[in-house]
1. Could you list, in sequence order, all residues of region 53-81 that are within 30 Å of ALA135 (Cα to Cα) and open to solvent by 60 Å² or more (accessible area, probe 1.4 Å)?
2. Considering every residue within region 11-24, establish whether at least one is assigned to a helix (DSSP H, G or I) and loosely packed, with under 12 Cβ neighbours inside 10 Å.
3. Mind telling me which of the residues GLU136, GLU145 ends up being over 30 Å from ASP21 (Cα atoms), among the acidic types (Asp, Glu) and touching a residue at least 12 places away in the same chain (Cβ under 8 Å)?
4. State the number of residues belonging to region 25-52 that are farther than 16 Å from ASP73 by Cβ, of a type outside the set (Asp, Glu) and surrounded by 15 or more Cβ atoms within 10 Å (Cβ to Cβ).
5. I'm checking my understanding of the structure. Among residues of region 117-131 that are more than 16 Å from GLY71 (Cβ to Cβ) and free of Cβ contacts under 8 Å to residues at least 60 places away in the same chain, which one is farthest from the chain's Cα centre (by Cα)?
Amino acid sequence: MGHVVLLGDSIFDNIAYVHPDPPVIEQLRRLLPSGWLATLLAVDGAATADVHEQLDLLNQDATHLCLSSGGNDALNASGVLAREVRTVAEAADLLAKEQARFRDAYEGLLKVLLHRRKPLIVCTVYDSIPGLGNAERTALAVFNEVILRSAFAAPLAVIDLRLVCDEAGDYSERSPIEPSVQGGAKIVRAISDVVSHHDFTVRGATVYGRLPGRGPFPDQRN
């Protein structure tokens, strides 16, 4: 038996955006192997610094931790995109400063999570959100770079949500930055497959994406 705990933000805590349809946590409970448990500690609106409070509620019988964090950090930093600059270099420098703040928070969180000595999966921030502009997508890449580089350094299993939630229907009509029931189903399929088939005893970083109709597949091993 296993016990998967979801940490982070509204990628996992999406009930407000899909009710009365099943949220991510309910879909995961239905999909995991018989006897497995799933617990939701993620909180809608949580930034990376807030996940430490979620860990205070972590049950010791948890066997796998899955983290989705960074989207709200990017949202909180999005005001930088409206700043006036004279050159592209100045704009890049502003993004670099926001990236550095996120790196400190994210790497600090991973250090705490790794200290728990439980199999850990991290997720990137998806970027196929309907209506998302080129500037916002570029800025998200700066945050995803931190997530991927940190995961490779650890090393960890990564679910690349940019490859998983790649259709407009994957996003909620109530709030397009949240996963819909369709998007949630893709996310839980990825989580279920990774916790069931990934070899966490082998030291190496693996990035998981999705092939249509075939579930996650390893894109890269480091």
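1. Within region 53-81, LEU75, ASN76, LEU81 meet the criteria.
2. No, that holds for no residue.
3. GLU145
4. Looking only at that region, the number is 12.
5. The qualifying residue farthest from the chain's Cα centre (by Cα) is ARG117.
Per-residue answers, yes or no, for (1) closer than 25 Å to ALA16 by Cβ; (2) among the hydrophobic types (A, V, I, L, M, F, W, C):
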position	(1), (2)
VAL85	no, yes
VAL88	no, yes
LEU94	no, yes
ARG117	no, no
THR124	yes, no
ILE159	yes, yes
CYS165	yes, yes
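The values are calculated or read from the model by the stated rules, or taken from the named source; none is laboratory data. Every value quoted in this text rests on a predicted model; they were computed, and no experiment measured them. Cβ atoms come from the backbone with ideal geometry, glycine included; neighbour counts cover every protein chain shown. Only protein heavy atoms, including side chains, enter the accessible area calculation; ligands, DNA and RNA are left aside. Shrake-Rupley method; radii C 1.70, N 1.55, O 1.52, S 1.80 Å.
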